[in-house]
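Values quoted throughout were computed directly from the atomic coordinates according to the rules given, and no laboratory measurement underlies them. It should be emphasised that the depicted structure is a prediction, and the values quoted were computed from it without experimental measurement. All Cβ positions, even for glycine, are placed from backbone atoms using ideal geometry, and neighbour counts span all protein chains on display.
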Amino acid sequence: MRHVLVLPDRDAAEEVAEALTERFGVTEEPQLVRDALAGEDDAEDAQWLVVVEDPDAAHDPVRLHDLAAEYEGWREAE
């Protein structure tokens, strides 16, 4: 299973990645990915994705969504 958390900026994404280690015990470092919005070239118009590999489905999707929401983000169903 893979969880994708969508955040409004890089700072929020980095903080969520850190929180994943502290609160959820994620041992494999989450991947941070810049996701430019369709048709936008401006760096300000980019979302950041935090990708968490969860092969054992150990992480609760609702708790992950709540974590992302703390930083004005959300969890994408994948």
### Query
Rounded to the nearest 20 Debye, what is the dipole magnitude of the chain about its Cα centre when Lys and Arg each give +1 and Asp and Glu each give -1 at the C-beta?
320 debye
### Query
When only C-alpha pairs under 8 Å and at least 6 residues apart count, what is the relative contact order of the chain, in percent?
49 percent
### Task
Give the distance, in whole Å, between the Cα centre of the stretch 15-37 and the Cα centre of the stretch 50-78.
9 Å
